[in-house]
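The values are calculated or read from the model by the stated rules, or taken from the named source; none is laboratory data. From a predicted model like this one, the values you see are computed outputs, not experimental measurements. Every residue, glycine among them, receives a Cβ derived from its backbone with ideal geometry; neighbour counts consider all protein chains shown.
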Amino acid sequence: MTAIRLRNVTLRRGGRVVLDALDLDLAERRIGLIGANGSGKSSLVRLFNGLLAADEGEVEVHGLKASEKASELPRKVGFIFQNPDHQIIFPTVAEEVAFSLEQSGLPRREALKAAVPALARFGREHWAERPVHALSEGEKQFLCIIAVLVMEPAVVVLDEPFSSLDLITRRRLEGLIATLPQQVITIAHELDAFSVYDRVLWLDGGRVRLDGAPGEVVGAYRDWAEAQAAEQALPGDTLLEARP
């Protein structure tokens, strides 16, 4: 069974069409989404867990139709936002993880007891009593991923997970992502991250411009982006003018 299926999906926001009659079957284990800002990437992935609802067409996630079972989608699709501070709501690490366990059905008291063993699965039990504000950006991102994974979703969506990370932290996060058994769908502007992915989709104006192997799609997108940058260069932009 295809993990995620879209049929003739159109989404409008503020009177503008942001996704235009999309038909997709997303079954690969690792899928990347690329495209310029405003191309529809974040809107697309927000359909998968019910954060947005299609105006037309049907979204189906692991057999659940979004139009009928939207409230059940977050249990199937774990979502990690670009900014961890938009996701973390509790003052300590253990409380944040316990909240996720509560969402999975555990009573509050049991969830608090289970938080430390849950952190131990990821080698982070020593974080349990740490204040969230004392964590680095990379540690906060890792915490968000842990808080999602303890709910055991079938799909993990990462929206710009590397944007505020240094190179060392980014490599650690990439290593963690590589080990996940779930299907992973990632939005990123760091295009080299997709070299080990199974499939990459290039979105442009709410439609799929190219869909295929990472090398082919990323290469085409780079060429297009370079051409766009050259066309839109400001007078006196010597860095662009000097490019071979």
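So which residues in the range 157-199 are assigned to a loop (DSSP other than H, G, I, E, B) and of a type outside the set (D, E, K, R)? Within the range 157-199, Pro161, Phe162, Ser163, Ser164, Leu165, Leu180, Pro181, Gln182, Ala188, His189, Tyr197 qualify.
The sole residue among Leu44, Leu73 that is crowded, with 22+ Cβ neighbours inside 10 Å and either modelled with pLDDT of 95 or more or of a type in the set (Asp, Glu) (or both) is Leu44.
A quick yes/no check of all residues on (1) at negative phi; (2) touching a Ser or Thr at 6+ places or on another chain (Cβ under 9 Å):
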residue: Val9; (1), (2): yes, no
residue: Leu19; (1), (2): yes, yes
residue: Val59; (1), (2): yes, yes
residue: Gly63; (1), (2): no, no
residue: Glu102; (1), (2): yes, no
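Looking at the range 52-108, what helices (runs of 4 or more DSSP H) fall wholly within it and have at least 3 residues that are in the same structural domain as Ala120 (by TED's automatic domain parsing)? Quick ask: steps written out before the conclusion?
Working: elements: 66-69, 73-76, 93-103.
Those helices (runs of 4 or more DSSP H) span 93-103.
Taking the criterion of being buried (at least 18 other Cβ atoms within 10 Å of the Cβ) and touching a Lys or Arg at 6+ places or on another chain (Cβ under 8 Å), the residues of the range 80-101 that qualify are Pro84, Ile88, Val93, Ala98.
Kindly establish whether Ala111 is among the small types (Gly, Ala, Ser) and outside the structural domain of Arg46 (by TED's automatic domain parsing). Before the answer, list the steps.
On the way: among the small types (Gly, Ala, Ser): yes; outside the structural domain of Arg46 (by TED's automatic domain parsing): yes.
It is true that Ala111 is among the small types (Gly, Ala, Ser) and outside the structural domain of Arg46 (by TED's automatic domain parsing).
One residue alone among Leu210, Leu234 is at pLDDT below 85 and either surrounded by 14 or more Cβ atoms within 10 Å (Cβ to Cβ) or among the hydrophobic types (A, V, I, L, M, F, W, C) (or both), and that residue is Leu234. Close contacts from the range 159-181, counting a first residue that is loosely packed, with under 11 Cβ neighbours inside 10 Å and a second that is not hydroxyl-bearing (Ser, Thr, Tyr), with Cβ to Cβ under 8 Å and a gap of 6+ residues or different chains, come to Ala178/Val196. State yes or no: is Leu149 more than 17 Å from the chain's Cα centre (by Cα), in the same structural domain as Leu33 (by TED's automatic domain parsing) and at negative phi? The answer is no for Leu149.
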